[in-house]
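K.L.:
The structure is given below, and queries will be raised subsequently.
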Amino acid sequence: MKLQQLRYICEVAKYDLNISTTAYALHTSQPGVSKQIRMLEEELGVQIFARNGKNLTHITPVGEAIIEQAREVLGRVGGIQRAAEEYTDERKGSLSIATTHTQARYALPPVIKNFIEEYPEVSLHMHQGSPEQIAEMASQGEVDFAIATEGLNLFENLVMLPCYKWNRAVIFPRTHKLAREPKITLKMIADYPIVTYVFGFTGRSKLDEAFRSQELKPNVVFTATDADVIKTYVRLGLGIGIVAGMAYDPVEDADLIYADASTLFPPSTTMIGGREGNLLRGYMYDFIKLFAPHLDNGLISRAFLDPKNPEIIDQMSGLDLPLR
């Protein structure tokens with residue numbers, strides 16, 4: 001059994017059983033991938049993938065268990081490599097982050113800038129996707145950290161550290177009828193077409209819960225994953241926008257009115273998550289602290305080693321988070 005074979009079966013599962021796509025992603029040949037998978041199955045005496053001719057059709061039940069174990073093994077191997085790197089040169093390495101558009105566009109730029117200035121020889125890689133996609137990347141060890149407001153709780157092997165709380169804003173053109181209202185209510189908002197985030201993105205669930213609590217049905221006519229897209233369609237008159245407050249720029253968005261919605265919707269919490277048991281290098285601790293200064297090395301370390309410890313959970317829930 002070789003690590004290469006374990007990596008192949010994990011990647012084939014990741015790419016929906018498409019060996020051609022897997023081979024391309026791994027910079028190898030399709031026959032080579034197929035051969036190594038066959039050799040592993042022969043060695044184990046079981047079929048990891050069911051087949052119809054040369055095509056893989058589905059993962060067998062035992063294959064599911066083997067792939068899950070293979071991911072764990074590969075994750076541990078990555079930890080061993082990081083441990084060795086930490087002792088060879090603690091200021092060199094790589095850091096991969098998966099996050100949503102809102103975090104990448106509005107929350108992370110100053111953090112990234114400061115981190116690169118401090119660690120110029122650490123290569124930084126950012127991936128964007130839905131909360132569920134980025135949480136899965138972190139769960140499978142494809143990235144070091146996932147940063148999001150929703151979705152990280154879908155995977156039990158993720159350690160989630162609270163970073164900050166944020167509120168929403170209602171935005172609309174200066175010619176809109178709401179511009180004449182001294183105070184905006186949920187009922188007023190529900191009377192107009194709404195442009196906001198896709199469900200599952202950027203705290204959208206909190207928004208829906210607020211309307212339900214007052215037995216209101218919002219008229220959501222357009223959704224997007226990108227706050228800049230939402231603002232574009234608000235400018236076109238498609239509806240009023242509901243976005244994260246941080247997504248409004250007083251200069252760039254001066255043509256739109258910003259109405260604070262912190263009294264209308266409960267705040268959301270942005271989290272940074274990583275795979276349980278991950279060995280964090282020194283610069284990884286520093287990245288987390290740049291993003292969430294209230295988290296110290298001791299707490300971060302204890303959380304990754306024993307995230308289900310009641311004392312650690314209580315300490316996390318008791319943190320006084322900054323509001324952005």
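The values are calculated or read from the model by the stated rules, or taken from the named source; none is laboratory data. Keep in mind that what you see is a predicted model, and the values were worked out from it rather than measured. Please note: Cβ atoms are built from the backbone with ideal geometry, for glycine as well, and neighbour counts cover all protein chains shown. Note: areas computed on protein heavy atoms with side chains; ligands, DNA, RNA excluded. Shrake-Rupley method; radii C 1.70, N 1.55, O 1.52, S 1.80 Å.
K.L.:
Among all residue pairs at least 6 apart or on different chains, which show Cβ distances below 7 Å where the first residue, located in region 16-41, is without any contact (Cβ under 8 Å) to a residue 40 or more places away in the chain and open to solvent by less than 70 Å² (accessible area, probe 1.4 Å) and the second is assigned to a helix (DSSP H, G or I) and of a type in the set (Ser, Thr, Tyr)?
P.N.:
Short answer, once both residue conditions are applied: ILE19/SER34; VAL33/TYR8; VAL33/THR22; GLN36/TYR8; ILE37/TYR8.
K.L.:
Among the numbered criteria (1) more than 30 Å from ILE288 (Cα to Cα); (2) touching a residue at least 24 places away in the same chain (Cβ under 8 Å), which one does SER213 miss?
P.N.:
With respect to (1) more than 30 Å from ILE288 (Cα to Cα); (2) touching a residue at least 24 places away in the same chain (Cβ under 8 Å), SER213 is out only on (2).
K.L.:
Moving to a separate point now. Please specify each residue of region 124-164 satisfying the condition of being of a type in the set (D, E, K, R), crowded, with 17+ Cβ neighbours inside 10 Å and assigned to a loop (DSSP other than H, G, I, E, B).
P.N.:
If the condition is that a residue be of a type in the set (D, E, K, R), crowded, with 17+ Cβ neighbours inside 10 Å and assigned to a loop (DSSP other than H, G, I, E, B), then GLU142, ASP144, GLU150 are the ones that fit.
K.L.:
While we're on this one: From the list PRO120, PRO110, which one is open to solvent by 20 Å² or more (accessible area, probe 1.4 Å), closer than 30 Å to MET160 by Cβ, in a loop (DSSP other than H, G, I, E, B) and modelled with pLDDT of 90 or more? Steps first, answer last, please.
P.N.:
Details: PRO110 fails: in a loop (DSSP other than H, G, I, E, B).
Result: PRO120 is the single residue among PRO120, PRO110 that is open to solvent by 20 Å² or more (accessible area, probe 1.4 Å), closer than 30 Å to MET160 by Cβ, in a loop (DSSP other than H, G, I, E, B) and modelled with pLDDT of 90 or more.
K.L.:
Give me the residue from region 124-158 that is β-branched (Val, Ile, Thr) and farther than 19 Å from ILE300 by Cβ and, out of that set, farthest from the chain's Cα centre (by Cα). If you could, list the steps in order and put the result at the bottom.
P.N.:
To start, the set of residues in region 124-158 that are β-branched (Val, Ile, Thr) comprises 134, 143, 147, 149.
Retained after the next criterion (residues that are farther than 19 Å from ILE300 by Cβ): 134, 149.
Numbers: ILE134: 4, THR149: 8 Å.
The qualifying residue farthest from the chain's Cα centre (by Cα) is THR149.
K.L.:
Return the residues of region 92-107 that are part of a helix (DSSP H, G or I) and either open to solvent by 10 Å² or more (accessible area, probe 1.4 Å) or hydrophobic (A, V, I, L, M, F, W, C) (or both); say none if nothing qualifies.
P.N.:
Here is the first cut: in region 92-107, the residues part of a helix (DSSP H, G or I) are 101-107.
Of everything in region 92-107, those that are part of a helix (DSSP H, G or I) and either open to solvent by 10 Å² or more (accessible area, probe 1.4 Å) or hydrophobic (A, V, I, L, M, F, W, C) (or both) turn out to be HIS101, ALA104, ARG105, TYR106, ALA107.
K.L.:
Also, quick follow-up: Restricting attention to helices (runs of 4 or more DSSP H) lying wholly within region 222-324, give those where 3 or more residues are open to solvent by less than 40 Å² (accessible area, probe 1.4 Å).
P.N.:
Values: elements: 227-235, 282-291, 297-305, 310-317.
The helices (runs of 4 or more DSSP H) meeting that bar are 227-235, 282-291, 297-305.
K.L.:
Identify, by number, the condition in (1) among the hydrophobic types (A, V, I, L, M, F, W, C); (2) touching a helix residue (DSSP H, G or I) at 6+ places or on another chain (Cβ under 9 Å); (3) free of Cβ contacts under 8 Å to residues at least 24 places away in the same chain; (4) open to solvent by 20 Å² or more (accessible area, probe 1.4 Å) that LEU74 doesn't meet.
P.N.:
It fails just one condition, (3).
K.L.:
Here is a list of conditions, (1) assigned to a helix (DSSP H, G or I); (2) at pLDDT 85 or above; (3) farther than 29 Å from LEU152 by Cα, and TYR87 meets all of them except one; can you say which number that is?
P.N.:
Against the list (1) assigned to a helix (DSSP H, G or I); (2) at pLDDT 85 or above; (3) farther than 29 Å from LEU152 by Cα, TYR87 comes up short only on (2).
K.L.:
Sticking with this one: Any chance region 37-52 includes a residue that's at pLDDT below 90, part of a helix (DSSP H, G or I), within 24 Å of the chain's Cα centre (by Cα) and not hydroxyl-bearing (Ser, Thr, Tyr)?
P.N.:
Looking for residues that are at pLDDT below 90, part of a helix (DSSP H, G or I), within 24 Å of the chain's Cα centre (by Cα) and not hydroxyl-bearing (Ser, Thr, Tyr), one finds none in region 37-52, hence no.
K.L.:
Against the condition in contact with a helix residue (DSSP H, G or I) (Cβ under 8 Å, 6 or more places away or on another chain) and at pLDDT 95 or above, how does PHE155 come out, does it pass?
P.N.:
Details: in contact with a helix residue (DSSP H, G or I) (Cβ under 8 Å, 6 or more places away or on another chain): yes; at pLDDT 95 or above: no.
No.
K.L.:
Then there is this: Does region 195-218 contain at least one residue that is assigned to a helix (DSSP H, G or I), at pLDDT 95 or above, open to solvent by less than 70 Å² (accessible area, probe 1.4 Å) and farther than 30 Å from ILE312 by Cα? Steps first, please.
P.N.:
Filtering region 195-218 down to residues assigned to a helix (DSSP H, G or I) leaves 204-213.
Checking the rest, the ones that are also at pLDDT 95 or above come to none.
Looking for residues that are assigned to a helix (DSSP H, G or I), at pLDDT 95 or above, open to solvent by less than 70 Å² (accessible area, probe 1.4 Å) and farther than 30 Å from ILE312 by Cα, one finds none in region 195-218, hence no.
K.L.:
Looking only at residues in region 165-180 that are of a type outside the set (A, V, I, L, M, F, W, C) and assigned to a strand (DSSP E or B), which one is most open to solvent (accessible area, probe 1.4 Å)? Step through it out loud before you land on a result.
P.N.:
We begin by selecting, within region 165-180, every residue of a type outside the set (A, V, I, L, M, F, W, C); these are 165, 167-168, 173-177, 180.
With the extra rule that they be assigned to a strand (DSSP E or B), the set shrinks to 165, 168, 173.
Values: LYS165: 82, ARG168: 7, PRO173: 31 Å².
Only one residue tops the list, namely LYS165.
K.L.:
Can you name the number of the only condition in (1) modelled with pLDDT of 85 or more; (2) farther than 30 Å from THR185 by Cα; (3) not polar (S, T, N, Q) that PRO267 fails?
P.N.:
All conditions are met except number (2).
K.L.:
Next question, about the same structure. Do you know which of the residues in region 47-66 that are in contact with a strand residue (DSSP E or B) (Cβ under 6 Å, 6 or more places away or on another chain) and among the polar types (S, T, N, Q) is least open to solvent (accessible area, probe 1.4 Å)?
P.N.:
Of everything passing the filter in region 47-66, THR60 is least open to solvent (accessible area, probe 1.4 Å).
K.L.:
I'm told GLN69 meets every condition in (1) open to solvent by less than 20 Å² (accessible area, probe 1.4 Å); (2) in a helix (DSSP H, G or I) except one. Can you identify the failing condition by its number?
P.N.:
Against the list (1) open to solvent by less than 20 Å² (accessible area, probe 1.4 Å); (2) in a helix (DSSP H, G or I), GLN69 comes up short only on (1).
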